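A.B. asks: Submitted below is the structure of interest, expressed as structure tokens.
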Amino acid sequence: MDPANAREAMREVELDVQEGADMLMVKPALPYLDVLTKVRERFGLPTAAYNVSGEFAMVKAAAAKGWVDERRITLEILLSIKRAGADFILTYHALEAARWLKTG
């Protein structure tokens with residue numbers, strides 16, 4: 001798919017729904033938050049977002065260089081994905097995020 005063409009993405013999702021999809025997934029998550037929102041609003045099926053390994057690696061690399069606060073940026077990223085409409089998020093940050101959310 002052409003990453004600049006959100007209409008094409010919506011057509012592809014519509015085909016998935018017509019073929020009987022029980023849930024939908026948008027990946028990668030961050031560059032397609034707009035598509036995630038549109039998918040959730042239009043189709044109403046459980047909608048997942050996949051926070052892919054490249055997105056995870058960018059956070060890890062920037063944190064290692066001291067450019068970002070890893071905890072803060074990770075939780076902000078996950079919140080933005082949720083706010084865009086994800087019912088659930090697949091992410092390599094899962095264990096750390098769960099620990100950070102548990103301990104406050």
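A.B. asks: Filtering the stretch 17-29 down to residues that are touching a strand residue (DSSP E or B) at 6+ places or on another chain (Cβ under 7 Å) and surrounded by fewer than 17 Cβ atoms within 10 Å (Cβ to Cβ), which residue is farthest from residue 94 (Cα to Cα)? Give the steps one after another, and end with the answer.
C.D. replies: Here is the first cut: in the stretch 17-29, the residues touching a strand residue (DSSP E or B) at 6+ places or on another chain (Cβ under 7 Å) are 23-29.
Imposing the further condition that a residue be surrounded by fewer than 17 Cβ atoms within 10 Å (Cβ to Cβ) reduces the set to 23, 27-28.
On the way: 23: 20, 27: 16, 28: 16 Å.
Only one residue tops the list, namely 23.
A.B. asks: Can you name every residue in the stretch 63-75 that is farther than 13 Å from residue 89 by Cβ and within 19 Å of the chain's Cα centre (by Cα)?
C.D. replies: Passing the criteria: 70, 71, 72, 73.
A.B. asks: Is there a residue in the stretch 85-102 that is free of Cβ contacts under 8 Å to residues at least 24 places away in the same chain and within 28 Å of residue 2 (Cα to Cα)?
C.D. replies: No.
A.B. asks: Return the only residue of 68, 35, 52 being crowded, with 16+ Cβ neighbours inside 10 Å, touching a helix residue (DSSP H, G or I) at 6+ places or on another chain (Cβ under 9 Å), modelled with pLDDT of 95 or more and more than 21 Å from residue 9 (Cβ to Cβ).
C.D. replies: 68
A.B. asks: On to the next question. List pairs: first residue in the stretch 15-36 and of a type in the set (Val, Ile, Thr), second residue at pLDDT 95 or above and open to solvent by 80 Å² or more (accessible area, probe 1.4 Å) anywhere in the structure, Cβ distance under 9 angstrom, at least six positions apart or on different chains.
C.D. replies: Within 9 Å, no pair qualifies.
The values are calculated or read from the model by the stated rules, or taken from the named source; none is laboratory data. Predicted model, so just to flag it, every value in this text is computed and none were measured. Quick reminder, even Gly has a Cβ in these numbers, built from the backbone with ideal geometry, and neighbours come from all protein chains shown. Just the protein is used for accessible areas: all its heavy atoms, side chains included, with ligands, DNA and RNA removed. Shrake-Rupley method; radii C 1.70, N 1.55, O 1.52, S 1.80 Å.
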